[in-house]
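The values are calculated or read from the model by the stated rules, or taken from the named source; none is laboratory data. Just so it is clear, the model here is predicted, and its values are computed rather than measured. As a convention, Cβ positions derive from the backbone with ideal geometry for all residues, glycine included, and neighbour counts pool all protein chains shown. Each accessible area value is taken on the protein alone, full model and side chains, heavy atoms only, with ligands, DNA and RNA left out. Shrake-Rupley method; radii C 1.70, N 1.55, O 1.52, S 1.80 Å.
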Amino acid sequence: MLVALLSLFFAFLWHSRAKVVTADPPRKTNGYTDVVTWDNYTLWIYNQRVFLTGGEFHTFRLPVQELWLDIFQKMVAAGLNHVSIYIHMGLTNPAPGVIDFDDWRAFKPIFDAATLAGIFVVWRPGPYINAETTAGGLSHWLTSEIAGTVRTNATDFTEAYIPYIDAIARESAPYQVTNGGPIVAVQIDNEYDQKPTHAEFFEHLQRQYRKGGIIVPLTYNDPNERESFINGTGAVDLYGMDAYPQRFDCSDPKTWYPVATNYHAYHTRVNPSQPWYMPEYQAGAYDPWGGPGYDACALLTGPDFEDVFYKHNYAANTKLISYYMLYGGTNWGGIAFPGVYTSYDYGSPIRETRQLSDKYDELKRQNMFIRSSPEFRKTDWIGDSSTGIPGVSISSADAFGTLLTNPDSGTNFLIVRQNDSTSTASIAFKVTIPTSEGSIMIPLTTDSIALDGRQSKIIVTDYHFGTHGWLLYATASIYFAGKIGDRDVVLLYGSSTQSHEFAFFLPPGARVSSDLSPYVQVSSTRGKGTASVLPGLVGLVTVVETNSLLILYADAVTAATFWAPPVRDETPNAIKGLETFWQFGTNTTVLVGGPYLVRNASISDGVLALRGDLNASAMLTVFAPSNIFAVTWNGELVDTMGHEGGMLQAYVVASAHLQDGIDLPELKDWKYADSLPEIKVDFDDSDWVVANKTSTNLNVKPLFGDGRVLYGCDYGYCENNVIWRGHFEATGSETAVNLTIYGGEFFAASVWINDQFAGTVYSRDEGANQLFTFPEGSVVAGQDNVVTVLQDNMGLDEDDNEKSTRGIAGFDLVGGGNFTIWRVQGKLGGYLSYPDKVRGLLNEGGLYGERQGWHLPGFDTSSWESRDLSEGLPGEGAGVGFFVTSFDLDLPAGMDIQLSFQFEPFNEQPYRALLFVNGWQYGKRAANVGPQTRFPVPQGILEYNGKNTVAIALWALENAEVSPMLQLSVDGVFDGGVGPIATVAPTYSEVRG
Ligand code: GAL
């Protein structure tokens, strides 16, 4: 009884500590809906203030529908609450009048998976997206078919995008949050410039979305601080700005640019009545052909970068943030623009293989804190070390602090970093800061607050959690705070090489843990405890444990092994349709330490059912409501032990495959066929398209020749390899052909005169001029001679250069007459009638073997000669050949096994190769450019229980020996995964009829 009375008394104290609640400012709406609104602090969804935190993921870069759930679940597990998704117009609207939502282009599976995972969506369908994709996402056909300038109100451009936007709106409007779906905002276009001529396009685009029933806020992404379309101009509801402070050169990954120091000032000056929104903030970088590779990008933007730069954004009071890319994926087929290669791994927190990295851990530490801290959603920016912070002083000038205060609870968030944000030296200091108990100088018992080089911390005072939980202050960081069962729970963490301190409300009768670590000292006086954590602590420590309170502490690495999956159960007061989204419904959770990943949890009849992944056997440490007595892991009951006061331990045994590894077949028994019959004397090209246009909408007009336009896009061949054949009646005096060829940066083009090789041009630029000398005796006087040009199209450019020229911009026969006829061949059917509707527009190119369908599974190669891939082309001449083989896999179910195709190490051999896996072009290798040698291919493209076909289109660029090697290789083996994955691989007869 006494205890009950005392706790009431302390509860009263707790409440009286919290300041008088100030009213929220009036919310603003766009006039279309009150479901998603905003004030100057944050977005509101229904009546909940939301710190929108998430990241970018492009479903088109992972064309296996089942795996979208994997990415979404991994995002939610890191504490994120939204995913930002670009849609690619070029893939969805591949030809005039054709809108394609079939297969991996479908929207419903995206929204279903997002709903299942409980993640909101910021939808970014363009039409322009940038995204390092061909033409920045604009449809290829419109680059050549319209005369007007793209992304303006030119009539032909307007007519070109209306059907696309209408279809987007039609397919996505039902999935807005207003209808119980996940979409909370729609961004129109991307990084659009606010020039006078541009406003009309933007307004029209906006009206088109509205007409189609999009009622959630329309948002805008400004590239840098340009103040474009701000404060409702151009009919955009919410302004946002993107930033990539380390830029995109990963070759010197330890050298940093410093933080931008004016973010808060900028926001205050330009749109203080809206929340501070960063629709894209750097989470990695793209890597160009010949670049240092994505591990370098992951290092450049590593956990230390996240620590300093992301917390710096919080210090600017940013409350809507999306990290670009959270998961990058793969530029399979012709998805890439010329500035990137097949991998779009991006050095992201979730790697291309879908594995979690150390960057994921840091992202998770920060976002678990954000998710756990309602008081952090509404903060006023009080001041920083450059302006001075009322009541706060920091004892070292090497430290830079920014104070945010929640006006309702009085909670302070002091974000500290080093004054020189790039410094690698360590510093230490004390902080004087106001609290509900007056001004205090912290730490009190340990010597100082330490910051390592490139480290940042959020120091809190008067931080409340659960029903009565309260921290007077903490120099340790908060990983998780909330309510588990009847207890107020907080898990704090800090670096194991530093000391940390926190003071907390200790309810009457509560005692500090009896088996406290020697590294933790707790003193208590009158309802308050102070914990000092000494350097050296590794692992989890229970500091205080009562029926109503649980205070845990762990080192930073151990903390990140904890998961807090939202627990789904019946919620009487949840908003209909939104029960599954975090922050809606019950907010019930548990803490689970140990496994590689926890995907979800549910509770029924005292049993906690966990689903997740293991990379090894693991001891689970579970904090759950006290009535939980058993735990299942992926449906199997596990032995639990030490069930005491809501903590269970359970040992989960991983499958034997994790130890024994996975056996993979060798790639052998290759079959070979020549894929360049076009250079044969008797080759008949009479059914090819005649290239005889004399005008073009593309951006380089013919430079020399006779005015004929030799650009693939003008003839429907806008993707991948294109082959040209120029005929001339020879006099015998022709000595060379002078060609200017455009293929995009890092393209190559090989030239033959009749069946003789005349050379290859390589270019780091978009186009190049070269003289191709005809070898002795290669020209035959008095008859038809043919110049054959095989060229790459590396993708179309972005940034107002979408109408990229890809083809021959100048041609001249040296010492001779004129070309009589030019013919062109690209992907079978061009963009108007390509046959492979499933894999889509960008999968195939114009190599002979591709036109014949040799890359497709089921094509019969039994009559082909046997030839090992490592032998290269017969005769060691420049040319193109197809190598095809097949292999069986029989991989265990209930696992997530990640595989790659591994070429030989970088060796500068003069070849290019396309890798086709079950018909999907899943790799483009430029062996003499690099850097990519390893090509991850997901399950669903690969068939894990059956036959697989792999084809290599080998283009030898010189008369020289090349010897490609290829093997299958394991990236990772995990128990768990998302369940069955169907392979989508239409066969030769299905595709070619
Ligand atoms: C941004 C752009 C994105 C992407 C990014 C770099 O400016 O909005 O689409 O291109 O740069 O990866």
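If you bin every alpha carbon distance in the chain into 10 Å steps from zero, what whole percent lands in each bin?
Result, from short to long distances: 2, 11, 20, 22, 19, 13, 8, 4, 2, 0, 0, 0 percent.
Whole number please: convex hull volume per residue, Cα atoms of the range 381-521, in Å³. Intermediate values should be presented prior to the final figure.
Working: hull volume 17.3 nm³, N = 141.
In the range 381-521, the Cα hull volume divided by residue count equals 122 Å³.
Based only on Cα atoms, what mean projected area does the convex hull of the range 928-988 have, in nm²?
On the way: hull surface 25.9 nm².
Across all orientations, the range 928-988 yields a mean hull projection of 6.5 nm².
Less than 15 Å Cβ to Cβ from Ser322, Lys/Arg counted +1 and Asp/Glu -1: what total charge do the surrounding residues give?
On the way: positive: Arg124, Lys319; negative: Glu56, Glu191, Asp222, Asp242, Glu280, Glu306.
Surrounding charge for Ser322 is -4.
Given charges of +1 on the Cβ of Lys and Arg and -1 on the Cβ of Asp and Glu, with all other atoms neutral, how large is the dipole of the range 847-992 about its Cα centre, in debye to the nearest 20? Mind dumping the intermediate values first?
On the way: 8 positive and 17 negative charges, 84 e Å.
The dipole of the range 847-992 has a size of about 400 debye.
How do 681-694, 410-423 rank on mean C-beta neighbours within 10 Å, highest first?
By packing density, highest mean first, the sequence is 410-423, 681-694.
State, to one decimal in nm, how far the label point of Tyr762 lies from the label point of Arg226, with both points 7 Å from Cα in the Cβ direction.
For Tyr762 paired with Arg226, the spin-label model returns 3.6 nm.
From a point 7 Å beyond the Cα of Asp252 in the direction of its Cβ, which residues of the range 442-480 have a backbone N at a distance under 20 Å?
Answer for the range 442-480: 454.
For the range 192-335, what does the alpha-carbon gyration tensor say about shape, rounded, prolate or oblate, given a ≥ b ≥ c as the root eigenvalues, a/c under 1.5 as rounded, and a/b over b/c as prolate? Can you show the working numbers first?
Details: a/c = 2.28, a/b = 1.45, b/c = 1.57.
Oblate.
Given Cβ point charges of +1 (Lys, Arg) and -1 (Asp, Glu) and nothing else, what value in debye, to the nearest 20, does the dipole of the range 910-979 about its Cα centre take?
Numbers: 5 positive and 5 negative charges, 32 e Å.
Rounded to the nearest 20 debye, it is 160 debye.
Of Ile821, Val838, Gly872, which is farthest along the charge dipole of the range 820-902 in the positive direction, counting Lys and Arg as +1 and Asp and Glu as -1 at C-beta?
Ile821
In what sequence, highest mean first, do 916-928, 148-160 appear when ranked by Cβ atoms within 10 angstrom?
On the way: 916-928: 24.5, 148-160: 17.1.
Averaged packing, sorted descending, gives the order 916-928, 148-160.
Looking at Leu968, Thr640, Ile99, which one has the Cα that reaches farthest to the positive end of the dipole of the chain (charges on Cβ: Lys, Arg +1; Asp, Glu -1)?
Thr640
What number comes out for the charge environment of Leu869, summing +1 per Lys or Arg and -1 per Asp or Glu over other residues with Cβ under 15 Å away? All intermediate terms of the calculation are to be shown ahead of the outcome.
Numbers: positive: Lys668, Lys671, Arg867, Arg912, Arg925; negative: Glu666, Asp669, Asp674, Glu865, Asp868, Glu871, Glu876, Glu904, Glu961.
That works out to -4.
Sort the range 734-877 into rounded, prolate or oblate with this rule: let a ≥ b ≥ c be the square roots of the eigenvalues of the Cα gyration tensor; rounded if a/c is under 1.5, and if a/c is not under 1.5, prolate when a/b is larger than b/c, oblate otherwise. Provide the component values of the computation, followed by the final result.
Working: a/c = 1.81, a/b = 1.20, b/c = 1.51.
Oblate.
If I compute solvent accessible area with a 1.4 Å probe over the protein chains, what percent of it on the chain is carbon and sulfur? All intermediate terms of the calculation are to be shown ahead of the outcome.
Values: 16650 of 33000 Å².
After summing per-atom areas, the C and S share lands at 50 percent.
Taking the alpha-carbon distance from Lys195 and a cut-off under 14 Å, which aspartates and glutamates remain once sequence neighbours fewer than 8 residues away in the same chain are dropped?
List returned: Glu203, Asp222, Glu227, Asp800.
Percent of Cα-Cα pairs per 5 Å bin, from 0 to the last occupied bin, for the range 842-993, please list those.
The percentages, shortest bin first, are 2, 9, 18, 21, 20, 15, 9, 5, 1, 0.
I need the shape label for the range 51-372. Rule: rounded when a/c is under 1.5, else prolate if a/b > b/c, else oblate, with a, b, c from the alpha carbon gyration tensor.
Numbers: a/c = 1.37, a/b = 1.25, b/c = 1.10.
In terms of gyration-tensor shape, rounded.
Accessible area per residue, 1.4 Å probe, Å², for the chain: what's the number?
On the way: 33000 Å² over 993 residues.
Solvent-accessible surface per residue comes out at 33 Å².
Reported to two decimal places, what Rg/Rh ratio describes the range 804-897 when computed on Cα atoms with Rh from the Kirkwood expression? All intermediate terms of the calculation are to be shown ahead of the outcome.
Values: Rg = 19.4 Å, Rh = 17.7 Å.
Checking Rg against Rh, the ratio lands at 1.09.
Normalized C-alpha radius of gyration of the range 480-558, against 2.2 N^0.38 Å?
Numbers: Rg = 11.9 Å, N = 79, 2.2 N^0.38 = 11.6 Å.
Scaled against compact globular proteins, the figure is 1.03.
Determine the relative contact order of the range 677-825: mean sequence separation of Cα pairs under 8 Å and six or more apart, normalised by residue count, in whole percent. Before the final figure, lay out the partial values.
Values: 371 pairs, mean separation 57.6, N = 149.
This gives 39 percent for the range 677-825.
If each residue of separation counts as 0.36 nm, what is the full-extension length gain between Thr387 and Asp408 once their alpha-carbon separation is subtracted? Before the final figure, lay out each step's value.
Details: separation 21, 0.36 × 21 = 7.56 nm, distance 2.35 nm.
That works out to 5.2 nm of additional length.
Using only helices, what value at 222 nm comes out for the chain when you add -39,500 (n - 2.57) per DSSP H run of length 4 or more and divide by the total residues, to the nearest 500 deg cm²/dmol?
Values: 16 runs with 139 residues, N = 993.
Estimated from H runs of four or more residues: -4000 deg cm²/dmol.
Could you point to the residue in His140, Ala336, Gln455 farthest towards the positive end of the chain's charge dipole, with +1 and -1 charges on the Cβ of Lys/Arg and Asp/Glu respectively?
Checking the options against the dipole of the chain, the answer is Gln455.
Between Tyr651 and Ser395, what FRET efficiency comes out of the Förster formula 1/(1 + (r/R0)^6) with R0 = 45 Å and r the beta carbon distance, rounded to 0.05? Walk me through the intermediate numbers first.
Numbers: r = 47 Å, r/R0 = 1.04.
Efficiency for this residue pair is about 0.45.
Among the lysines, which fall within straight-line cross-link reach of Lys924, defined as a Cα-Cα distance under 25 Å, with same-chain neighbours fewer than 8 residues apart omitted?
Those lysines meeting the cut-off are Lys668, Lys671, Lys803, Lys827, Lys837, Lys947.
In the range 902-971, which GluC sites (Glu not before Pro) fall in coil by DSSP and have 15 or fewer other Cβ atoms within 10 Å? Before the final figure, lay out the partial values.
Values: sites: Glu908, Glu943, Glu958, Glu961; in loops: Glu908, Glu943, Glu958, Glu961.
Passing both the DSSP loop test and the Cβ count: Glu908, Glu961.
How high is the relative contact order of the chain? Use alpha-carbon pairs under 8 Å, at least six apart in sequence, and give a whole percent.
Working: 2525 pairs, mean separation 101.6, N = 993.
Computed over the chain, the figure is 10 percent.
Please get the size of the charge dipole for the chain, origin at its Cα centre, with Cβ charges of +1 on Lys and Arg and -1 on Asp and Glu, quoted in debye to the nearest 20.
Working: 65 positive and 110 negative charges, 688 e Å.
Value, rounded to 20: 3300 debye.
With a 1.4 Å probe and all protein chains kept in place, how do Val814, Val520 rank by accessible area, largest first?
Working: Val814 50, Val520 10 Å².
Result, largest first: Val814, Val520.
So, counting K/R as plus one and D/E as minus one, what does the shell of residues with Cβ under 15 Å around Phe935 add up to?
Details: positive: Arg61, Arg351, Arg354, Arg912, Lys924, Arg925, Arg934; negative: Asp287, Asp345, Glu352, Glu904, Asp971.
The answer is +2.
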